[in-house]
Structure formats: C-alpha cells, structure tokens
Amino acid sequence: MRSSLPDFPWDALAPFGESARKHPLGIIDLSQGTPVDPTPEFIQSRFRESSNSPRYPVTAGTAELRDAIKSWAINHLGASGDFDVLPLIGSKELVAWLPTIVEAKKVLIPEVAYPTYNVGAIIGSAQAIPVPIDASAWPVADFAWINSPSNPTGQVHTDQEITEAIAWSRKNEAILVSDECYLDFGDSAHGRSLLSISEGNNKNLLAVHSLSKRSSMAGYRGALLIGDSNLISNIREFRKHAGMMVPLPVQNAMVVALGDEKHVQEQRDRYNNRRSLLAPALQRAGFTIEYSNAGLYIWCTRNEDAWTSVAWLAELGILATPGSFYGAKGASHIRVALTATDAQISDAVERIESAVK
C-alpha cells in the first residue's frame, strides 16, 4: 500500500484568496503559474485546421511531430548522439507517472521543488529523498530529478552542477531526468539543456519540455520527452497500453509552435519586463529576492513565516504562494508569479508601494 497523497496545497491557500478578493479593486492572483497572454494566432489556426480528427492519434506522435521535436532538440537544445522523442499530455502527467512507469525505488528530488516530484514518488510507492543541488553529496538511488531554471526559485544550474549530476547517474546506473520547462525564459542567467552537456552519451538521461509557458499553450496540454532511446521505447510501450495519447489537433499545433522562435522571444520579454517592475517594489517592501534570475517567478523572503507574508499581500488584494508548498526549506519564502497581465502587474506594484510609503 502506497503512502497517502498529501493534501492538494492550493486548497490551503483558498482562504487567503477569499481575503484578497475583498480588496476594493479586486484580486491580483500571482499564486499560480498559469499563462494569461493569448496563444499566438498561428498556433490557434493550425489547431482549428486540424479539428476534424475522427481517428485515434498515435502515442508515438505523427512523423511530422517527431521530426519537429528532433530538429528542435538538435538546433535549439544542442542535443547530439543517439536519442529518441515522445509527445506528452502536458509535462505534469509525465512527472507524476514516470517513477511508476520505470519502477523506481528511490527518487531524489530537489530540496526546494515542484510538489509533483514528491507526488510521483508516492504514486509509484517509491521513497522520495530531498537533496541539495551538489550531486557529489547525493546518496545511492535509481532515479533523480533536476530542474533548471527551477520552479519555484528561478535558480539556474551551472554546467558543472549538471555535469556532476550526469556523473552520479553514470556511477549508479541511475535515471537522471532534467525538467527544463522554463529553459527558454532566461533573464540575468540562462540555462543549458542536460542534452547539450552529455556530449552525445544520453544513456539513462531524459529531458522534459513543455509548450505551456513557452508558447502560452497550457490549455492544449502539449509537452515532450527527449533522451535515451531505450528508456523512451519502454516508456512509449507503457503509454500505448495505458492509452496516453496527445490529441492530433494538439500534435499539429505543437509542430508549428516548435518551428517558430519569434513568439518565444516576445513572451520572454514580457515576463522579464514584469519581473523588472515587480521585483523592486517587493524589495522596497522589505523582501530579499533570492535567485529569480530566470523562469516565471520571484522567490523572496522577509525572514518571517511564509504565511505571514502571504497574509500581508492578501490584504493588498495580491495572492502569492507560500514557499512551504515546495519543501521545508521554503518555509520563510514566498513565490510570486509573473503570469499576470501587464496592467495587473502595474497595479500590484502600485498597491505594494502605497502600503510601504
């Protein structure tokens, strides 16, 4: 019998959301990283053109999509050597189910981390072990997650840190999975893919990418897995039996999204501009910002209980996420998402600055 799943963390945040909604000007929800900017029209158009889809899609993806992912992995990520690809129904389902699929026994997760890494271990009846970034200190295990840029902290792993994680994988013959869903959103720091550092030896290495934030396609549920051909072959067979198929209209939309970088640059600029406005306001309110040099979030602290910071912002009609959702080491931090409109971010800045004058 597996351990009980934890309470869904955002349920605990609901009362603070109700408090924020009582603000005379309404709530500004900066608690969840759900995109608010429109899906680019050329992606919507390809989706609409594919809406007549009476047949079951193929789990492995269409030939056109597989080719698009492979080309993108080589040209954009710097992947080399032998590797395979697989479309996903969003990255979260892969994170939640991968330890089960590969029958992992011990899963290493970052000390401050996306909660679904732990949930995936629980679903697979595996032991989840929080570890620091320094892989030289990691215990023996058969599976490990790294996440760069990090959710929630925005920290970017150095090449050396990734190299040490690869060395750990080789030494232990363990699966190493790099969650790179925020890789395209560098600001003062820019990450590199695991597959660009592996020097073409991709044995036991996997990289996960998502179009949810990159292309504002969260509602489409389109993501991709790239890496070790043998691992992906086994994962694909499991998914075929389980009926895990990306709908054909979504697959076709993914093709055109992966073929264009202009819209990604525009979206990156939006998020970075929002960070440049909101971060100084939080600092003037007494918050110290840590990392936050990539990704979609500001990770900050006033050296108080996270819920105290959340409550202070809720009084201003602003909802943020307590760092305790991401592990015990986040207990005095909050995560502030940049996934709000430009107007809402400007409003949040005004509210914070008015409160600290």
- Take Val255 and decide whether it is in a strand (DSSP E or B), modelled with pLDDT of 95 or more, under 30 Å from Ile43 (Cβ atoms) and in contact with a Leu (Cβ under 7 Å, 6 or more places away or on another chain). no
- Query: Gly33: of a type outside the set (Lys, Arg) and on the phi > 0 side of the Ramachandran plot, yes or no?
  - Reply: no
- Across the range 21-43, what is the total count of residues that are over 21 Å from Gly317 (Cβ atoms) and part of a helix (DSSP H, G or I)? 3
- When every residue in the range 266-289 that is of a type in the set (S, T, N, Q) and in contact (Cβ under 8 Å) with a residue 40 or more places away in the chain is compared, the one surrounded by the fewest Cβ atoms within 10 Å (Cβ to Cβ) is Asn273
- Test: residue in the range 44-59 that is assigned by TED's automatic domain parsing to the domain that holds Thr153, farther than 27 Å from Ile318 by Cβ, of a type in the set (Phe, Trp, Tyr) and more than 22 Å from the chain's Cα centre (by Cα): yes
- From Pro24, Pro15, Pro40, residue being surrounded by 19 or more Cβ atoms within 10 Å (Cβ to Cβ), at pLDDT 95 or above and not polar (S, T, N, Q): Pro40
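Okay, residues lined up against (1) touching an Asp or Glu at 6+ places or on another chain (Cβ under 8 Å); (2) within 25 Å of Ala294 (Cβ to Cβ); (3) buried (at least 21 other Cβ atoms within 10 Å of the Cβ):
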{"residue": "Trp307", "(1), (2), (3)": "no, no, no"}
{"residue": "Glu315", "(1), (2), (3)": "no, no, no"}
{"residue": "Leu319", "(1), (2), (3)": "yes, yes, yes"}
{"residue": "Pro322", "(1), (2), (3)": "no, yes, yes"}
{"residue": "Lys329", "(1), (2), (3)": "yes, yes, no"}
{"residue": "His333", "(1), (2), (3)": "yes, yes, yes"}
{"residue": "Thr341", "(1), (2), (3)": "yes, yes, no"}
{"residue": "Ala348", "(1), (2), (3)": "no, yes, yes"}
{"residue": "Ser354", "(1), (2), (3)": "no, no, no"}
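The rows are residues; the columns are (1) polar (S, T, N, Q); (2) more than 19 Å from Ile129 (Cβ to Cβ); (3) within 15 Å of the chain's Cα centre (by Cα).
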residue	(1), (2), (3)
Thr158	yes, yes, no
Ala167	no, no, no
Leu176	no, no, no
Gly186	no, yes, yes
Gly191	no, yes, yes
- Message: Among the residues that make up the range 92-104, is at least one of them of a type in the set (A, V, I, L, M, F, W, C), in contact with a Phe, Trp or Tyr (Cβ under 6 Å, 6 or more places away or on another chain) and farther than 30 Å from Asn272 by Cα?
- Response: yes
- Query: Which of (1) more than 30 Å from Thr62 (Cα to Cα); (2) assigned to a loop (DSSP other than H, G, I, E, B); (3) touching a Ser or Thr at 6+ places or on another chain (Cβ under 9 Å) is the odd one out, the single condition Tyr271 does not satisfy?
  - Reply: (2)
- Note on the structure: Checked pairs for the range 113-131, first free of Cβ contacts under 8 Å to residues at least 60 places away in the same chain and on the phi < 0 side of the Ramachandran plot, second charged (D, E, K, R) and surrounded by fewer than 24 Cβ atoms within 10 Å (Cβ to Cβ), C-beta under 6 Å and 6 or more apart or across chains, list as Thr116/Lys92; Ala126/Lys105; Gln127/Lys106
- Quick check: is even one residue across the range 11-20 aromatic (Phe, Trp, Tyr), in a helix (DSSP H, G or I) and in the same structural domain as Ala314 (by TED's automatic domain parsing)? yes
- Task: Restrict the check to the range 148-155 and report whether at least one residue is under 16 Å from the mean Cα position of the chain (by Cα), surrounded by 24 or more Cβ atoms within 10 Å (Cβ to Cβ), in the same structural domain as Gly124 (by TED's automatic domain parsing) and without any contact (Cβ under 8 Å) to a residue 40 or more places away in the chain.
- Result: no
- In the range 219-255, the residues that are out of contact with any Gly (no Cβ under 8 Å at 6 or more places or on another chain) and farther than 25 Å from Ala104 by Cβ: Gly219, Tyr220, Pro247, Leu248, Pro249, Asn252, Val255
- Message: Just to verify a result, which residue in the range 87-132, among those that are charged (D, E, K, R) and in a helix (DSSP H, G or I), is farthest from the chain's Cα centre (by Cα)?
- Response: Glu93
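The values are calculated or read from the model by the stated rules, or taken from the named source; none is laboratory data. All figures in this text were calculated on a predicted structure; none of them were measured in a lab. FYI the Cβ positions are ideal-geometry reconstructions off the backbone, even for glycines, and counts take in every protein chain you see.
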